[in-house]
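Participant: Below you'll find the structure I mean.
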Amino acid sequence: MRNLLVISTFLLITFSGNTQTVHKKDEGKAYPSRSYITIDGEKIDSNFLSNKIVMYNFYFDACDACRLEMKGLNQLYDRYSANNNVVFIAITPDNEEKAKLTQERYGLKFKIISLSGKEIADLKGKTNYPTNIIVDKSGKVAFKESGTVAPEYWTTKHVMETFAPIIDNLK
């Protein structure tokens, strides 16, 4: 009986995390244009983002699903790092100190921006964490998804098999 309970619990934890939602209603809408300052002090403005594909990832450190995605997001970053027309931005409600610790702990390669919860809600809408938004060169949402796939292997696979083809089609 104990073995059955352990196996049932494992299966529940392993497969219950598949909660991603694609937000088709947002596709084709203009993404809010604004200026940012990264946690490293770099200024990012609409001129910098103009005519570029932008991958936005919204996360926070205490979000297990967000941390599961980080390995896959880093692989995605590596795939396009030589392409100056693809920009990766992570946005978090964590303060700069916490964001830097998360960046170091998980090796997150994106440009990281710390914003208030309200500012984030204005950018990503009322979606769960993590939320990933791909904006095309004209500044319109090409893809928006929230939630994740568990465990980490499937999350990484999902990131690469879902986001990479979208970015490739926008180039």
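Participant: Within the group ASN51, ASN84, ASN47, which residue is open to solvent by 60 Å² or more (accessible area, probe 1.4 Å), at positive phi and not acidic (Asp, Glu)?
Facilitator: ASN51
Participant: Sticking with this structure for a sec: Name every residue in region 114-171 that is of a type in the set (D, E, K, R), crowded, with 17+ Cβ neighbours inside 10 Å and touching a helix residue (DSSP H, G or I) at 6+ places or on another chain (Cβ under 9 Å), in order of residue number.
Facilitator: Across region 114-171, the qualifying residues are ASP136, LYS144, GLU145.
Participant: Confirm whether ASP94 is open to solvent by less than 60 Å² (accessible area, probe 1.4 Å), farther than 20 Å from VAL149 by Cβ, among the acidic types (Asp, Glu) and at pLDDT below 95.
Facilitator: The answer is no for ASP94.
Participant: State all residues of region 24-61 that are of a type in the set (Gly, Ala, Ser) and outside any strand (DSSP E or B); if no residue qualifies, say none.
Facilitator: Correct list: GLY28, SER33, SER35, GLY41, SER46, SER50.
Participant: Sticking with this structure for a sec: In region 62-107, what residues are among the polar types (S, T, N, Q), under 29 Å from ASN51 (Cβ atoms) and either assigned to a helix (DSSP H, G or I) or over 11 Å from the mean Cα position of the chain (by Cα) (or both)?
Facilitator: Result: ASN74, GLN75, SER81, ASN83, ASN84, ASN85, GLN103.
A quick yes/no check of all residues on (1) of a type in the set (Lys, Arg); (2) in a strand (DSSP E or B); (3) under 18 Å from TYR31 (Cα atoms):
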position: LYS109; (1), (2), (3): yes, no, no
position: LEU123; (1), (2), (3): no, no, yes
position: LYS126; (1), (2), (3): yes, no, yes
position: THR148; (1), (2), (3): no, no, no
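The values are calculated or read from the model by the stated rules, or taken from the named source; none is laboratory data. For clarity, every value in this text was computed on a predicted model and none was experimentally measured. Because the Cβ atoms are built from the backbone with ideal geometry, glycine has one as well, and the counts that use them run over all protein chains shown. Keep in mind that these areas ignore ligands, DNA and RNA; they rest on the heavy atoms of the full protein, side chains included. Shrake-Rupley method; radii C 1.70, N 1.55, O 1.52, S 1.80 Å.
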